[in-house]
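Everything below concerns the one structure shown next.
Every number in this text was worked out from the coordinates using simple rules, so none of it is lab data. Please read all numbers here as calculations on a predicted model, not as lab measurements. Cβ coordinates were reconstructed from backbone atoms using ideal geometry, including for glycine residues, and neighbour counts include every protein chain displayed.
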Amino acid sequence: MENKLIVGNIKMNMKFGELANYLNHLKNIKSKNVVICPSFLYIPYFLNYDFNVGSQNVCAYEDGGYTGEVSARQLASIGVKYTIVGHSERRIKLNESNLEINKKVKTALDSKLKVILCIGETLEESKLLRKEIVLKRQIRDSLFDIKDLSNVVIAYEPVWSIGTNKMPDKKDLIYTIEYIKQLVKDLYKTNIKVIYGGSINEKSIESIKDIKELDGYLIGSASIDPIKFIEIIEKIS
C-alpha cells in the first residue's frame, strides 16, 4: 500500500443490525494504514481488528460540563488512534469556526491522537479564484500556536466535490496538494502529509491512485458499503 493512508468516514450512517455484516467484510484488513471512523456509538465494536479506528469529531475541551460531547482523553483511553477535525459538513452545517477547530486540534494532540485536519474551498470561492487564500487561512488559523505537526495530516476536500461525483482534474489536484505542502513548509518549517477526499468511489479512484504527491485518501459515502470500500483499498494497494 506504499504507506498511503486510507480513511473511511462512515458519517452518521449504519444501523446497529448492520454492524456485524460490515465488520465481517472488513475483518481481513491487516493494515494500520487503514483508518475507519464510525459514529461514536459504534467505535467499541471496531476496536478489536487490525485496522486503526478514528472518530469523526472530538470535543474542543478536555472534560467537564459539556453534555453530549466526547473528549480526546475518552477516545484515547479506549484505543482510538485518529480523529477527523474540521470537516466541511461541520464547518457549514454546525458553524464550526477555525478558532474552535484550533482548540480541537490542540486537545486531540495533547491526548496523543493523530489529527486529520480537513480543509477546502466552496464552489463560489473556487470560481472567485480565492482557493489559495481560503486554504491558507484555514491552515494558519486551525494550526495556530501548534509547534509539532508530526501527528497532523491535512485532508484536502473541496466542498464542491463532496457527494457530487465531481472531482478536480488531475493537474489541478496535483497543484493544490503541492501548494498545501509548500505552504506548511514555509509557515511551520516542516513537511506534512496531505490526503484527498471528495467523491472518491471504486471508479473515480482509478484517476487519482497513482498521484505520487498524494499521501492517502479520505473516503466518505463509498466507505459505507464494505464491498466497495474493500475494492477501493485493493485498487490503491
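Side notes on the structure shown:
- Residues of segment 101-127 with amide N under 20 Å of the 7 Å Cα→Cβ point at Glu62: 101-115
- Length-normalised contact order of the chain in % [C-alpha pairs under 8 Å, at least 6 apart]: 20
- Close amide-amide hydrogen proximity is noted between Val153 and Val115, Ile116, Leu117, each under 5 Å apart and 5 or more residues distant or on a separate chain (H modeled in the peptide plane; Pro and chain starts excluded).
- Checking the Cα-Cα distances for Lys15/Lys136; Lys104/Lys171; Lys93/Lys170 against a 31 Å cut-off, the pairs over it are Lys15/Lys136; Lys104/Lys171.
- Given charges at Cβ of Lys, Arg, Asp, Glu: segment 5-236 dipole, positive-most of Ile192, Ile174, Asn98: Ile192
- Proxy reagent accessibility, fewest Cβ within 10 Å first, across Phe51, Phe16, Phe144, Phe229: Phe16, Phe144, Phe51, Phe229
- Ranked Thr67, Thr83, Thr164, criterion: other C-beta atoms within 10 Å, fewest first: Thr67, Thr164, Thr83
- Extending 7 Å from Cα along the Cβ direction at Asn3 and again at Asp225 yields two label points whose distance is 3.3 nm.
- Residues whose amide H comes within less than 5 Å of that of Ile200, counting only those at least five positions distant or on another chain, are Gly220 (H built at 1.01 Å from N in the peptide plane).
- Cβ-placed point charges (K, R +1; D, E -1), dipole of the chain about Cα centre in debye, nearest 20: 240
- Proximal charge balance of Lys81 [Cβ under 13 Å; K/R count +1, D/E count -1]: +2
- Sequence of Lys189, Lys103 once ranked by neighbouring C-beta atoms within 10 Å, starting from the fewest: Lys189, Lys103
- If you wrap the chain in the convex hull of its Cα atoms and look at it from every side, the mean projected area works out to 12.2 nm².
- Gain on full stretching of the segment that runs from Leu94 to Ile146 - 0.36 nm per residue minus C-alpha separation: 16.3 nm
- Separation between Cα centres of segment 153-225 and segment 1-73, rounded to whole Å: 20
- Distance (nanometres) between label positions extended 7 Å along Cα→Cβ at Asp169 and Ser31: 2.9
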